[in-house]
């Protein structure tokens, strides 16, 4: 295969959206999924509460975790995009307290527009990240598509008595966030300008394995990861599933360097604005201004874990409280 200079191709220019910001809006998605969940004795976690992955019991102690995730490029470099997409897919297993054991690739590629050599770089990035997670990649599936898309279907295992899910939150539990926010606005700036943000790449390629293990070791039982629906969207799904409310301390939330400036300069994706519109009826923002609201709803790609409990090294950003007239109060 001939060498192709990836610098000659800006992958983000071959798509309309980017990363998890190109998700179908949460409200529309819930309407589509309504009534499709099929409970069974073996299905421990299904689609009912929008958890990060499905879990099927294989015996009284163990479960199989199944998930899939793919998206359009968030960065222009093919290898880096592959790394990010793999970390994002693996995160769903970690968000359930599980360990990934095998993955398969999902690749959509405009073969008449972009060289297949770039596709090989994407797959190499995904394979390297999965290898770092101790998860072999066993093939996959590909289609010729007008827009490039890449991700993985991942299968993992979990101890059922250590399962993390989003319907087990209880009043009095603190809320921890294991990665800073701001990935979405920095990715939007990158797509518009070509400027590279190493801090965003470092956050997106960081695996959530250690955060998951720390949460499980701390006997946490409620968690989710923060991706395309933003912090507020994923927190709302958690409190709704758990039948509680939450207080969120806006000044306790960490942001990547340059995120606030990117939001002020207007680099806000349509996905982020849809996230905010979806959660606004359920949030009391108090005196929190528009920029902070957008950042709290910022569509993340391969974000951190939102944990109902304390995780060493992660800031506590709020707490769960008894159900009230609004689901989330931002202070």
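The values are calculated or read from the model by the stated rules, or taken from the named source; none is laboratory data. Bear in mind the structure is a predicted one, so any value in this text is a computation, not a measurement. No Cβ is skipped: glycine too gets one built from the backbone with ideal geometry, and neighbour counts run over all protein chains shown.
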Handout entry: Selected residue [touching a strand residue (DSSP E or B) at 6+ places or on another chain (Cβ under 9 Å) and outside any loop (DSSP other than H, G, I, E, B)] from 192, 203, 130
Key = 130
Exercise for the section: Determine whether residue 176 is closer than 17 Å to residue 214 by Cβ and not in a helix (DSSP H, G or I). Expected result: yes
Completion exercise
Turns out the helices (runs of 4 or more DSSP H) fully within segment 255-331 with at least 1 residues that are farther than 18 Å from residue 234 by Cα and in the same structural domain as residue 194 (by TED's automatic domain parsing) are 259-264, 290-296
Completion exercise
A careful count of residues in segment 118-137 that are farther than 21 Å from residue 303 by Cβ and either crowded, with 16+ Cβ neighbours inside 10 Å or at pLDDT below 95 (or both) gives 6
Exercise for the section: With respect to residue 256, determine if the residue is over 19 Å from the mean Cα position of the chain (by Cα) and under 18 Å from residue 299 (Cβ atoms). Expected result: no
